1. Of LYS67/LYS305; LYS229/LYS279; LYS50/LYS120; LYS47/LYS301, which pairs sit farther than 31 Å apart, going by alpha carbon to alpha carbon?
2. Taking the highest mean first, how do the peptides 225-235, 24-34 order by number of other beta carbon atoms within 10 angstrom per residue?
3. Where the eigenvalues come from the Cα gyration tensor of the stretch 20-199, what are the semi-axes √(5λ) of the equivalent ellipsoid, largest first, in whole Å?
4. If we restrict to alpha carbons, what Rg and Dmax does the stretch 119-174 come to, in Å?
5. What is the distance, in nm, between label points placed 7 Å from the Cα along the Cα-to-Cβ direction at GLN232 and at THR250?
6. Once you list every other residue whose beta carbon is under 14 Å from the beta carbon of LYS84, what net charge do they have if Lys and Arg are +1 and Asp and Glu are -1?
7. Arrange the peptides 290-299, 174-183 so that the one whose residues have, on average, the most other Cβ atoms within 10 Å appears first.
8. Nearest 0.05, what FRET efficiency do GLN118 and ALA151 give at R0 = 22 Å with Cβ-Cβ as r?
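Values quoted throughout were computed directly from the atomic coordinates according to the rules given, and no laboratory measurement underlies them. Nothing here was measured: the structure is a model prediction, and the numbers come from that model. Every residue, glycine as well, gets a Cβ built from its backbone with ideal geometry; the counts of neighbours run over all protein chains shown.
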Amino acid sequence: MLKLAKITILMCLLAPYSVAKPAPAVAWNGQYLGKGQGAVYVNLNLKGFKRSKRGKTLLNDIVIRLKHNSSGRYYVISQQASNKAQPQYMWILPVGIYTVRRITFIDNAGLRRVFQSQQKTIAVSSLNLSYLGLWDISPGPKSRLKVNFKANKSRYKHQFEHQTFVALIDGLTGKEIRQLGGEEVRLQSQSNFGSQAEARAVFTEQVNVAMYYKIDLGKYNQYASSIAKTIQSQEVSFRKCYTDYLQTETGQGSMGFRFIIEKSSGIMGGIKHIGGSLKDDKLQECLYYNLGLMQFPLSRKILGKITFLFKTQ
């Protein structure tokens with residue numbers, strides 16, 4: 001361990017991370033899919049969690065780990081609770097049957113709660129959009145989560161100029177809900193996939209990514225472990241910023257930010273980019289956005305710095 005100045009703490013030197021074990025699912029942004037790919041979306045609802053005096057809302061991501069049953073590979077999706085008609089995210093995944101293995105969430109008290117399962121399965125079919133329904137997530141005993149997987153009427157409306165999905169599928173049963181683009185989409189996918197920049201293969205399993213971060217809270221370093229715990233819970237989102245960057249760029253390096261944790265809400269605000277060796281506006285915007293979603297179980301104003309370090313192997 002490197003010796004640092006007293007006011008600096010080096011947190012979470014993580015082991016090298018392979019995007020295949022598990023792989024952060026890639027968000028769909030209108031691109032054509034390959035035959036071996038489909039997309040999913042889910043509505044998540046938080047119920048029964050106490051709203052602390054610091055804030056009435058629960059902002060931290062809910063992290064879902066899925067196991068692809070035939071290959072044994074794991075994929076992770078990470079998003080906030082939302083029951084809006086339009087999906088918060090649509091996630092691209094390889095075709096197949098998946099088991100929902102784990103769901104994690106850090107509540108306003110800073111407690112990491114976990115749901116584990118060996119039974120609940122979902123279906124992802126070629127060139128289709130699978131709706132996984134509404135999942136009610138509530139606190140269980142001790143540090144557990146309770147999850148109720150409910151079928152729910154999809155209110156999805158396609159908002160892109162071109163149609164990308166053959167049909168909308170019930171991802172819990174595998175049944176078709178309604179046609180979207182139909183067979184014409186299959187023909188478009190065959191002619192476009194691999195020939196357009198937007199249709200590049202989205203799974204970069206051959207790349208190993210290591211992510212480290214350094215937190216400096218000055219005189220408040222005694223709170224660093226609480227902050228690191230919450231950042232770890234959102235780790236998938238930060239890694240995804242870098243893996244998305246690698247889709248169009250190459251390179252490794254660092255990027256740093258200053259921040260203020262608000263006393264009244266525990267929310268990370270006043271975020272300002274302070275440089276680093278990585279110079280990319282989209283990567284900076286992605287990290288900035290995800291830092292702004294952080295909410296910590298603290299009741300004092302804290303100024304600090306965080307530096308992300310990314311490496312490929």
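1. On the way: LYS67/LYS305 35 Å; LYS229/LYS279 28 Å; LYS50/LYS120 27 Å; LYS47/LYS301 28 Å.
As for pairs spanning more than 31 Å Cα to Cα, those are LYS67/LYS305.
2. On the way: 225-235: 18.2, 24-34: 20.1.
Peptide ranking by packing, descending: 24-34, 225-235.
3. Values: eigenvalues 186, 57, 43 Å².
Semi-axes (√(5λ), whole Å): 31, 17, 15.
4. When restricted to the Cα atoms of the stretch 119-174, Rg and Dmax are 14.6, 48 Å.
5. It works out to 3.5 nm between the two label points.
6. On the way: positive: LYS153, ARG155, LYS157; negative: none.
My count for the surroundings of LYS84 gives +3.
7. Working: 290-299: 18.7, 174-183: 13.6.
Highest to lowest by the protection proxy: 290-299, 174-183.
8. Details: r = 21 Å, r/R0 = 0.96.
Step by step, r from the Cβ atoms, then E = 0.55.
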